[in-house]
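Engineer: One structure is given below, represented as structure tokens, and several questions about it will come after.
The values are calculated or read from the model by the stated rules, or taken from the named source; none is laboratory data. Computed from a predicted structure; not experimentally measured. So basically every Cβ, Gly included, is an ideal-geometry build from the backbone, and we count neighbours across all protein chains shown. When the accessible area is computed, the model is the full protein with side chains, heavy atoms only, and any ligands, DNA or RNA have been set aside. Shrake-Rupley method; radii C 1.70, N 1.55, O 1.52, S 1.80 Å.
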Amino acid sequence: MTSGGTESNNTALYGIASQKKGKHIITSSIEHDAILEPCKHLERESYKVSYLPVDKYGLIDPEDLRKELSHDTCLVTVMFANNEVGTIQPIKELARIAHEKNAIFHTDAVQAVGKVAIDVKGFGVDLLSISSHKINGPKGVGALYIKKGVKISPLLLGGGQESGLRSGTENVANMAGFGMACKLARDNLDQNISHFKKLTNRLVSRVINEIQGTTLNGHPEKRIPNNVHFTFLGVSGEDLIIKLDENKIAASTGSACSVRIQRPSHVLKAMGFSHEQITGSLRLTVGTTNTEQEIDDTVEVLKKVVKELRTVSPYKSKYNF
Ligand SMILES: Cc1ncc(COP(=O)(O)O)c(C=O)c1O
């Protein structure tokens, strides 16, 4: 057990870096800060970190991983699904390539668990991070799957709880809640996926057909079913969020779990988006309790507020909406 995705990712990175001899880590340019920040810290500690590029859909080319790997590579860490645009990476193939050079393979699966079927053995991963609150469990709890035989150094030292991997008295109530959330996510996976798909398909087709100058970002098929990410040309995603909020619709531009002040999304930048495209971007996610009626209401609100914002947009003369 950990305190969430952030601790799981940090444990994987530091836990492997301090075990293995190699001083080279490979990750992607679109990871969550809970990977990028520890990577930056390790760079200051004389590790070399390579950041794999992505294409316009946010997908990594496995051949780029093959080119970067060396005998000094101790860890490859690539997220399962992106938290902004929802793109799913070819994890099985990436893990296989990493193993060809004896590197450990970790994946941040915080956004993927409960949205796609994950079989750690089938995917061949050594380490996998999960966060409870992404599957409707309690906040402040998560887990790091560690394959049998993979050696990892603990972040917390003390009384030796959790087989010495995380000292300190366990938060049993949180663990029980997380366990139940995992059980429900697994038992209801197929049903939840169909529900998410029904809602997001409806949202995407209505928005694209009914609001001009709109694109769906991320991969059209290789994506988690609960996420949609749009660019509305000629509007500011920030303004859009405020207007949506006034209509009781929660959306986000970048990472919803970042407490940072606004900065242009590093994910969209890595995907080659222009400043204007980044500015006009918005992420919407659906949950198990959302309804088709709520999707239709959201579309109606979006149609209205996008139109309003475009009338005062600095890009107004550029487009003929
Ligand atoms: C991909 C990804 N990794 C890590 C995290 C951090 O997880 P936590 O908030 O549980 O620490 C998040 C948060 O949403 C995330 O989306």
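Engineer: Using 0.36 nm times the number of residues separating residue 67 and residue 202, minus their current alpha carbon distance, what extension gain do you get?
Structural biologist: Taking 0.36 nm per residue and subtracting the Cα distance, the gain is 44.6 nm.
Engineer: Distance from the Cα centre of the range 69-101 to that of the range 180-219, in angstrom?
Structural biologist: 25 Å
Engineer: Computed FRET efficiency, Cβ-Cβ of residue 312 and residue 269, R0 22 Å: what is it to the nearest 0.05?
Structural biologist: Here the calculated transfer efficiency is 0.25.
Engineer: Still on this structure, please answer the following. Leaving out ligands and nucleic acids, note down the accessible area per residue over the range 189-318 with a 1.4 angstrom probe, in whole Å².
Structural biologist: Ligands and nucleic acids excluded, the figure is 53 Å² per residue.
Engineer: Let me ask something else. Using the Kyte-Doolittle scale, which helices in the chain average at least -0.5 and also have C-alpha atoms spread 20 Å or more along the helix axis, with helices defined as whole DSSP H runs?
Structural biologist: Helices meeting the span and hydropathy rule in the chain are 172-187.
Engineer: Something else: Computed FRET efficiency, Cβ-Cβ of residue 99 and residue 297, R0 56 Å: what is it to the nearest 0.05?
Structural biologist: After rounding, the FRET efficiency stands at 0.70.
Engineer: Only Cα pairs under 8 Å and at least 6 apart count here; give the relative contact order of the chain as a rounded whole percent.
Structural biologist: This gives 19 percent for the chain.
Engineer: Take the cross-link list 115/197; 92/115; 134/269; 20/147; 21/151; 139/222 and give me the ones stretching past 19 Å between alpha-carbons.
Structural biologist: Distance filter (> 19 Å) returns 134/269; 139/222.
Engineer: Order 219, 41, 71, most accessible first, counting only protein heavy atoms with a 1.4 angstrom probe.
Structural biologist: 71, 41, 219
Engineer: Using a 1.4 angstrom probe with every protein chain in place, what is the largest-first accessible-area order of 265, 70?
Structural biologist: The ranking, largest first, comes out as 70, 265.
Engineer: With a 1.4 Å probe and every protein chain kept in, tell me what percent of the accessible surface of the range 5-186 is carbon plus sulfur.
Structural biologist: Answer for the range 5-186: carbon and sulfur cover 55 percent of the accessible area.
Engineer: Can you figure out the FRET efficiency of residue 163 with residue 183, using R₀ = 25 Å and their beta-carbon distance, to the nearest 0.05?
Structural biologist: For residue 163 and residue 183, the calculated efficiency is 0.65.
Engineer: What is the packing order of peptides 305-318, 79-92, taking the mean over residues of other C-beta atoms within 10 Å and listing the highest first?
Structural biologist: 79-92, 305-318
Engineer: For the chain, what is the charge dipole size about the Cα centre, in debye to the nearest 20, if Lys and Arg each add +1 at the Cβ and Asp and Glu each add -1 at the Cβ?
Structural biologist: Magnitude of the dipole: close to 320 debye.
Engineer: Right, here's the next one. In deg cm²/dmol, rounded to 500, what helix-only [θ] at 222 nm does the chain give when every DSSP H run of at least 4 residues adds -39500 (n - 2.57) and the total is split over its residues?
Structural biologist: Theoretical 222 nm ellipticity from helices: -12000 deg cm²/dmol.
Engineer: A follow-up question, please. Once you put a point 7 Å from the Cα of residue 221 and another 7 Å from the Cα of residue 156, both along the Cβ direction, what distance in nm separates them?
Structural biologist: With each label point 7 Å from Cα toward Cβ, the separation is 4.4 nm.
Engineer: Using a 1.4 Å probe on the protein heavy atoms, what percent of the accessible area of the range 189-318 belongs to carbon and sulfur?
Structural biologist: Ligands and nucleic acids excluded, carbon and sulfur reach 52 percent.
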